[in-house]
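Have a look at the structure below, then the notes.
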Amino acid sequence: MRSAGEATRDRILAAAKDEFARYGLAGARINRIAADARASKDRLYAYFASKEELFTAVTAEWTVETTAETALRGDDLPGYAGRLFDNYVAHPENARLQQWADLEMPDIMSENDIRSNTLQPKIAEIRKGQADGHIDPGWNPAELLFVVTDLARTLALPRGNGATSKVSRSVSQRRETAVEAVRRLIAA
């Protein structure tokens, strides 16, 4: 059974995830997060010393969850693109959080960035896939990972303007586009 403190912390993280997905780090407001979490600002600050620390905690949580759910393997990078696409469709807030993190925390490869800790094993898998002949070795593994991630995210997010809605394809067609694009990208 969870303690009341754990429940409060979980509510704060859930409210913060929604707030950060909607407004990013700069636009998010602690007052809204606390109100949505049914917690006082004092309680929020008891768990997280700053808005930046809260953003880091939210980033760590979705990064670890998404990594576990999508499992990049060097012998199946197109499959990873499909799983990542599916995750973004099921959890569009994760895609938006990633966009905000990319904009507001661009130094992704610093040792202090939680995203770096989850990226390193993925980059190692891409290198293994290159060594085993599954992925064109001409690619920089980190850059290829960013291309695959951005491709899956871009195709998974719905488009809202009239020009693209007339040519929009179904979710399954967009998923297949993502998978096939990665398949073609990595062909040796």
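With respect to the conditions (1) out of contact with any Ser or Thr (no Cβ under 8 Å at 6 or more places or on another chain); (2) in a helix (DSSP H, G or I), ARG73 lacks only one, and its number is (2). Quick one: in segment 131-146, which of the residues that are free of Cβ contacts under 8 Å to residues at least 60 places away in the same chain and open to solvent by 60 Å² or more (accessible area, probe 1.4 Å) is nearest to LEU72 (Cα to Cα)? It comes out as PHE146.
Pick from segment 56-83 the residues that are farther than 22 Å from ALA28 by Cα and touching a Leu at 6+ places or on another chain (Cβ under 7 Å): which of them is surrounded by the most Cβ atoms within 10 Å (Cβ to Cβ)? Among those that are farther than 22 Å from ALA28 by Cα and touching a Leu at 6+ places or on another chain (Cβ under 7 Å), it is ALA81. Residues that are crowded, with 19+ Cβ neighbours inside 10 Å and not β-branched (Val, Ile, Thr) were ranked within segment 147-158; the one that is farthest from the chain's Cα centre (by Cα) is LEU155. Sub-8 Å Cβ pairs linking a first residue in segment 64-84 that is polar (S, T, N, Q) and at pLDDT below 95 to a second residue that is surrounded by 16 or more Cβ atoms within 10 Å (Cβ to Cβ) and in a loop (DSSP other than H, G, I, E, B), at least 6 apart or interchain, are THR66/HIS91, ordered by first then second residue.
Looking only at residues of segment 1-50 that are touching a residue at least 24 places away in the same chain (Cβ under 8 Å) and in a loop (DSSP other than H, G, I, E, B), we find that the one that is most open to solvent (accessible area, probe 1.4 Å) is ARG38. Taking the conditions exactly as written (among the acidic types (Asp, Glu), surrounded by 17 or more Cβ atoms within 10 Å (Cβ to Cβ), in contact with an Asp or Glu (Cβ under 9 Å, 6 or more places away or on another chain) and within 30 Å of LEU155 (Cβ to Cβ)), does ASP86 satisfy them or not? Yes; evaluated as a whole, the condition is true for this residue.
The values are calculated or read from the model by the stated rules, or taken from the named source; none is laboratory data. Treat the numbers as computed from the prediction; the structure is a model and nothing was measured. Glycine also receives a Cβ, built like all others from the backbone with ideal geometry; neighbour counts cover every protein chain displayed. Accessible surface is based on the protein model in full, side chains and every heavy atom, while ligands, DNA and RNA are left aside. Shrake-Rupley method; radii C 1.70, N 1.55, O 1.52, S 1.80 Å.
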